1. Taking the condition of being modelled with pLDDT under 95 and within 18 Å of Ala280 (Cβ to Cβ), how many residues in region 305-356 meet it?
2. How about region 1-23: which of its residues are out of contact with any strand residue (DSSP E or B) (no Cβ under 6 Å at 6 or more places or on another chain) and among the aliphatic types (A, V, I, L, M)?
3. Thr325: more than 21 Å from Phe242 (Cβ to Cβ) and loosely packed, with under 14 Cβ neighbours inside 10 Å, yes or no?
4. Here are some conditions: (1) surrounded by 24 or more Cβ atoms within 10 Å (Cβ to Cβ); (2) among the β-branched types (Val, Ile, Thr); (3) within 16 Å of the ligand (Cβ to nearest atom); (4) not in a helix (DSSP H, G or I). Thr218 meets all but one. Which one does it not meet?
5. List the residue pairs whose Cβ atoms are under 7 Å apart, where the first residue sits in region 282-293 and is at positive phi, the second is among the aromatic types (Phe, Trp, Tyr) and assigned to a loop (DSSP other than H, G, I, E, B), and the two are 6 or more positions apart or on different chains.
6. Failed condition for Leu164, given (1) within 12 Å of the ligand (Cβ to nearest atom); (2) in a strand (DSSP E or B); (3) not small (Gly, Ala, Ser), with all others met?
7. Would it be correct to say that Val263 is surrounded by fewer than 19 Cβ atoms within 10 Å (Cβ to Cβ) and in contact with a strand residue (DSSP E or B) (Cβ under 7 Å, 6 or more places away or on another chain)?
8. Just name the residue that is farthest from His170 (Cα to Cα) out of those in region 139-148 that are in a loop (DSSP other than H, G, I, E, B) and more than 13 Å from the ligand (Cβ to nearest atom).
Amino acid sequence: VHIGDLRTPAAVVDLARLGANLAGMRERAARLGVRLRPHVKTHKCVEIAREQHGGRAGPITVSTLAEARAFASAGFRDVTYAVPLAPGRCAEVASLGRAGLDLGVLVDHPDAVDALDATARAEGVRVRVWLKVDCGGNRCGVDPEGPVGPGVAARVARSGFLELAGILTHAGHAYHCRDRSEIAAVARQERDVMLAVADRLRRAGIVVPEVSVGSTPTMSVVDDLTGVTEIRPGNYVFLDAFQAAIGSCRAAECAFTVVATVVGSYPEAGRLVLDAGALALSKDPGPTHVDPDCGFGRVCGLDGEALEGLRLASLSQEHGIVLATPAGVAAGLPIGTRLRIVPNHSCLAAACFDRYHVADGERVVDEWRPVRGW
Ligand SMILES: Cc1ncc(COP(=O)(O)O)c(C=O)c1O
């Protein structure tokens with residue numbers, strides 16, 4: 001099957017680009033002397049997760065307990081659930097642990113430790129716990145210099161059922177960068193903040209076995225991870241228009257596209273309508289700090305080459321509105337034309353689909369099914 005014959009909108013994974021992205025990060029981790037624990041939330045797909053480790057079920061990071069269950073059934077034994085744990089889901093964590101999964105969870109508040117400790121104690125299981133540190137992303141995690149971190153870590157260390165795996169951070173603010181030199185500065189800060197936290201805890205007598213960092217931007221530029229033990233990039237498998245715009249990859253490395261069909265053509269108004277809307281691409285506004293006119297993704301031909309003069313200007317649920325400049329460009333793309341869109345955020349776009357068509361060039365060679373739900 002040719003990608004132009006797929007029922008649209010269709011998610012397409014370019015096998016060669018995927019393979020190069022996976023090999024690149026594996027080599028990088030080896031060169032930097034750190035364990036690779038990729039975040040599989042980008043694809044949620046067993047086939048890709050195995051290839052991230054060169055064909056084996058190595059350590060992974062997940063964003064949902066549904067992923068934890070599915071990857072455990074596929075033979076993955078060492079999993080970090082990297083979203084703050086809701087107290088009501090501690091029992092699920094305990095039962096995954098009892099079933100033999102080596103599951104690590106994140107905490108950044110004493111109440112979360114209390115809930116987890118009570119469940120682990122009642123169920124008689126040991127749970128691995130990471131102290132989440134906020135290195136500048138301002139989403140979750142303890143203040144690296146405040147009193148909560150050492151308090152939480154000491155509370156975990158005192159529990160007979162919880163085991164402190166280490167400290168973990170995600171430099172979400174790397175996505176505010178405009179180029180590789182800015183990303184490199186965030187990467188150094190991410191590492192330095194974590195080494196300072198580890199040092200502070202160790203001086204307080206707390207054993208900190210692991211220091212875990214990593215976003216795709218920071219891991220694509222970092223050249224020194226002394227003191228760090230593992231990295232957790234996720235998006236690097238597919239990459240996307242956002243990563244290309246901030247300089248963490250080249251456009252030609254993006255491995256995930258959405259094939260769409262032109263279903264409306266208004267050349268006199270310089271407008272086309274695609275059958276891929278927010279439910280195929282997500283509504284991520286993209287790297288507007290770098291390019292205010294970036295639109296909702298890069299419009300390409302089926303060969304993957306960007307088409308000049310076309311901007312995916314807006315999305316509604318099932319419509320993608322493309323504006324052409326000059327208007328006449330739209331006349332060359334009649335109804336029925338297939339296009340390929342590189343989304344702003346491949347993790348969110350991929351999550352819109354229940355299957356990925358795997359392509360060798362423009363030929364579909366396989367189909368992979370991702371995990372869905374929570
Ligand atoms: C805790 C955590 N670790 C790792 C990642 C992976 O980062 P990226 O998507 O930049 O590769 C994320 C992404 O949100 C995350 O939340």
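1. So the answer is 0.
2. Ala16, Leu18, Ala20, Leu22, Ala23
3. Working: more than 21 Å from Phe242 (Cβ to Cβ): yes; loosely packed, with under 14 Cβ neighbours inside 10 Å: yes.
Answer is yes for this residue.
4. Condition not satisfied by Thr218: (4).
5. Close Cβ pairs satisfying both conditions: Gly286/Phe296.
6. Here Leu164 meets the rest and fails (1).
7. On the way: surrounded by fewer than 19 Cβ atoms within 10 Å (Cβ to Cβ): yes; in contact with a strand residue (DSSP E or B) (Cβ under 7 Å, 6 or more places away or on another chain): yes.
Against the criterion (surrounded by fewer than 19 Cβ atoms within 10 Å (Cβ to Cβ) and in contact with a strand residue (DSSP E or B) (Cβ under 7 Å, 6 or more places away or on another chain)), Val263 qualifies.
8. Kept after step one, since they are in a loop (DSSP other than H, G, I, E, B), are these residues of region 139-148: 139-141, 143-147.
Checking which are more than 13 Å from the ligand (Cβ to nearest atom) leaves us with 143-147.
On the way: Asp143: 13, Pro144: 13, Glu145: 17, Gly146: 18, Pro147: 20 Å.
Among those that are in a loop (DSSP other than H, G, I, E, B) and more than 13 Å from the ligand (Cβ to nearest atom), it is Pro147.
The values are calculated or read from the model by the stated rules, or taken from the named source; none is laboratory data. Treat the numbers as computed from the prediction; the structure is a model and nothing was measured. A quick note on method: Cβ atoms are made from the backbone with ideal geometry, for glycine too, and the neighbour counts reach across all protein chains shown.
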